[in-house]
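The values are calculated or read from the model by the stated rules, or taken from the named source; none is laboratory data. Only a predicted model underlies this, so the values are computations on that prediction, with no experimental measurement involved. Quick reminder, even Gly has a Cβ in these numbers, built from the backbone with ideal geometry, and neighbours come from all protein chains shown. Side chains included, ligands, DNA and RNA excluded: accessible areas come from the protein's heavy atoms. Shrake-Rupley method; radii C 1.70, N 1.55, O 1.52, S 1.80 Å.
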Amino acid sequence: MFADVTAPGADVQSLWRSARSARCEAKSCQTGKISTAEAAAQSHTAQDAAVQTEQSKDSVQNVQQEVQVDYTGLLSFLQRVEDTVIKELNKNWKSHAFDGFEVNWTDQDETVLCLHTLSYPEAQDQNLQVTSVSWNVTGSVIACSYGRLDDGDWSTEKSYVCTWNLDRRGLNPQHPDLVVDVPSSVMCLAFHSSQPSLIAGGLFSGELVVWDTSRTEDPVVWRTGMTDDTHTDPVYQVNWLPEKHRNHPRLLSVSTDGKILVWREEWDGRLALAEGFAIVAQQIPRSTRLKKMAWGEAALGVTSLSFSHFDPGVFIVGVEGGYSLRCSTAAQTPALPHPGGSVPLRAPAELAFSSHAGPVYSVSCSPFHNLFLSCGTDGQIHLHSMLQTQPLFALQLSKKYLFCVRWSPVRPLVFAAASGEGVHLFDLGRSMQKPTVSLKQSMSDCPVYCLEFNTKHTRLLAAGDAAGTVRVWQLSSDFTEQGPREMNHLEQLASEIMD
């Protein structure tokens with residue numbers, strides 16, 4: 001069944017060689033010959049050079065010998081020009097060409113920019129308006145009050161006081177750092193002159209309230225309450241009065257009830273009346289130049305007040321009758337008729353200035369001169385000297401109301417005005433007839449009710465409007481840097497007009 005058999009060998013012919021020959025491929029090694037060449041170095045020659053400190057002493061001595069000073073001739077020259085040089089130095093020392101000039105080491109900025117647009121949506125939902133703005137003593141916190149200045153009675157409507165810290169990294173323009181609910185419309189605000197967390201407000205109800213913004217739970221620290229001393233009309237301005245030898249300055253308030261009241265802080269959280277004044281028509285000195293009016297014995301509503309920067313006992317008030325009045329805190333004449341209250345009131349008016357054609361809404365005393373500005377419903381700005389009844393000039397700025405005017409704290413010739421059309425910046429060195437810059441506060445042309453310069457960060461100007469927004473403007477260097485002889489320009493301007 002099985003047998004051993006030897007099979008012949010199998011032979012398979014290779015086709016690889018014949019296929020490679022058909023493609024004419026070389027039968028040499030796979031890698032070709034590598035070519036090489038000799039190349040010389042980049043630098044063909046070498047040279048030694050000595051370093052500076054390795055110069056020989058002989059060469060140094062040769063240089064020193066070449067520089068020779070003729071001390072005899074130099075002394076002779078200095079003696080010849082000594083009198084002339086001293087004469088010129090004395091002339092320059094007595095020159096006033098650069099008085100008031102300060103070198104600006106920063107880049108010039110020729111534009112006015114809107115840095116922030118601040119608002120509180122809940123107040124805007126109630127159609128509340130910004131009635132007042134105030135910077136605190138550090139210049140970094142801005143506060144605004146919400147209420148209404150147009151027609152109507154909102155004495156019982158809820159309103160707000162809001163603050164923003166502009167230096168805070170997480171600043172939210174529509175989310176204030178602090179919101180204080182107030183049961184009555186807030187008509188005016190003023191930060192304390194030295195304590196950055198204290199702020200006073202005047203209400204539509206006639207009350208005054210002082211808040212401490214560092215107390216978030218219950219910020220009210222003092223208030224007047226409703227007493228016989230409390231204003232019977234809305235409070236339109238509050239001021240802190242610094243006094244010597246006192247830890248706490250007193251608080252001053254003005255109202256359209258004709259009263260100017262000074263309050264002191266009591267330990268139990270009350271503001272008690274310390275002294276007061278009343279503006280009564282029959283007790284106002286009237287010049288023969290002023291048109292006669294049948295004022296009678298009625299009290300004149302006070303809308304604004306500004307203290308002189310040169311005499312702390314002198315202040316200017318604006319009244320609803322269209323007049324600005326110069327008043328004195330030293331007045332001793334009793335106000336007639338004798339109003340009720342715990343403290344007898346005095347008649348402070350010393351001089352009545354030429355009137356506007358409507359109520360005066362704002363007055364502002366110059367920090368640099370015995371001048372003041374006034375504006376009102378007639379759309380005019382009056383520049384007055386405190387020494388004469390007639391205005392130095394009257395400018396018809398707008399066909400709409402003017403609500404606020406403020407002198408610049410750093411430029412003697414610059415002031416700002418708030419109107420029914422926006423914010424206007426004036427530089428009297430450029431023009432006395434028209435504003436240098438007019439700023440649109442909003443696209444809807446809503447009235448601007450209030451504005452304040454920042455005395456610390458002098459390039460900032462805050463303005464509040466009827467739409468419930470506060471805009472913080474950054475002024476250009478043109479409005480913040482005092483030019484040479486600018487004070488002399490203001491003096492000359494006032495004297496020329498007066499002559």
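Karplus-derived 3J(HN,Hα) values for segment 364-374, using 6.51 cos²θ - 1.76 cosθ + 1.60 with θ = phi - 60°, are 8, 7, 6, x, 10, 7, 7, 10, 8, 10, 9 Hz; glycine and proline are entered as x. Computed from the C-beta positions of M226 and A97 and an R0 of 51 Å, the FRET efficiency is 0.25 to the nearest 0.05. Couplings 3J(HN,Hα) of segment 127-140, computed from phi: 6, 7, 10, 7, 9, 6, 10, 8, 9, 7, 5, 7, x, 9 Hz, in residue order, whole Hz [Karplus 6.51 cos²θ - 1.76 cosθ + 1.60, θ = phi - 60°; x for Gly and Pro].
When you restrict to C-alpha pairs under 8 Å that are six or more residues apart and normalise by the size of segment 144-245, the relative contact order lands at 22 percent. Between T72 and S193, the modelled label-to-label distance comes to 7.2 nm, taking each label 7 Å out from Cα in the direction of the beta carbon. Semi-axis lengths, largest first, of the ellipsoid equivalent to segment 347-460 are 22, 17, 13 Å, with √(5λ) applied to each eigenvalue of the Cα gyration tensor. Taking every C-alpha pair closer than 8 Å and separated by at least 6 residues, the mean separation divided by the residue count of segment 411-488 gives a relative contact order of 25 percent. Remark: segment 417-499 carries 42 Å² of accessible area per residue (probe radius 1.4 Å; ligands, DNA and RNA excluded).
Close amide H pairs (under 5 Å, H built 1.01 Å from N) link G379 with L402, residues at least 5 positions away or on another chain.
Sorted on the mean count of surrounding Cβ atoms within 10 Å across their residues, most packed first, peptides 406-412, 268-274, 382-388, 140-146 read 140-146, 406-412, 382-388, 268-274. Apolar share of the accessible surface for segment 112-177: 42 percent from carbon plus sulfur atoms, 1.4 Å probe. Modelled this way, with points 7 Å down the Cα-to-C-beta line, the labels at K399 and R430 are 2.5 nm from one another.
Please work out the Cα center distance from segment 177-226 to segment 397-426, rounded to the nearest Å. First find each Cα centre; the distance between them is then 27 Å. The stretch between R270 and D218 holds 17.2 nm of extra length on full extension. This uses 0.36 nm per residue minus the Cα-Cα distance.
Computed on segment 329-439, with alpha-carbon pairs under 8 angstrom and 6+ residues apart, the relative contact order is 16 percent.
Testing the spin-label approximation: label points 7 Å from Cα along Cα→Cβ at L336 and Q174. State their distance in nm. The modelled label-to-label distance comes out at 5.9 nm. Once backbone amide H atoms are built at 1.01 Å from N, Y236 has V254, S255, T256 as its partners under 5 Å, excluding neighbours fewer than 5 places away on the same chain. Taking amide H as placed 1.01 Å from N in the peptide plane, E350 has its amide H under 5 Å from the amide H of R326, C327, S328, each at least 5 places away in sequence or on another chain.
The accessible surface of segment 366-499, taken with every protein chain in place and a 1.4 Å probe, is 49 percent carbon and sulfur.
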